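First comes the structure, then the notes that go with it.
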Amino acid sequence: MKRFLFVAALLLSPLAFAQPSTPDFVATGEHLARRFVAFAVRAEVADNDPRVVQASDWLARAAKATGEEDRAIAAACARAARFLQDLTRVRATALEPLEALATAAKPGQAMSDVLLAYVEARKQTAGKSHAEAMAALATR
């Protein structure tokens, strides 16, 4: 029995130190757009910052098109940006997938389909830039 408890404690101890998989802006009850922008730019921003106003608009447009909740959209965009950074080794903020989702999503289209198309477009363009990926999405 002691051996079992020791093995269980050994296996479960890394979980106590693991980072939460949900970004901080999703877990808090504060103004989502402001926390999302602060997360993306890694600096505190005011509620009246133009980037916050734009992100709020993009979140609303993406939610309307996909039918998803704004918190789910924010979390998915943060994951897509992280995936892009890991995949292409270029800096990508969470605002970039959000813009792609807000502008390219058709009503009723799955959020994951749009984000996947954006990641693929970003991966396949020559400069791997956001502008090139947005242009590629516009032609689809």
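Just a few scattered comments:
- Residue ID - modelled with the lowest pLDDT, chosen from residues in the range 84-116 that are outside any helix (DSSP H, G or I), surrounded by fewer than 14 Cβ atoms within 10 Å (Cβ to Cβ) and among the hydrophobic types (A, V, I, L, M, F, W, C): Val90
- Val119 within 22 Å of Ala65 (Cα to Cα) and either under 15 Å from the mean Cα position of the chain (by Cα) or not in a helix (DSSP H, G or I) (or both): yes
The values are calculated or read from the model by the stated rules, or taken from the named source; none is laboratory data. Everything quoted here is computed from the prediction, not taken from an experiment. With ideal geometry, Cβ positions are generated from the backbone for all residues, glycine too; neighbour counts draw on all protein chains shown.
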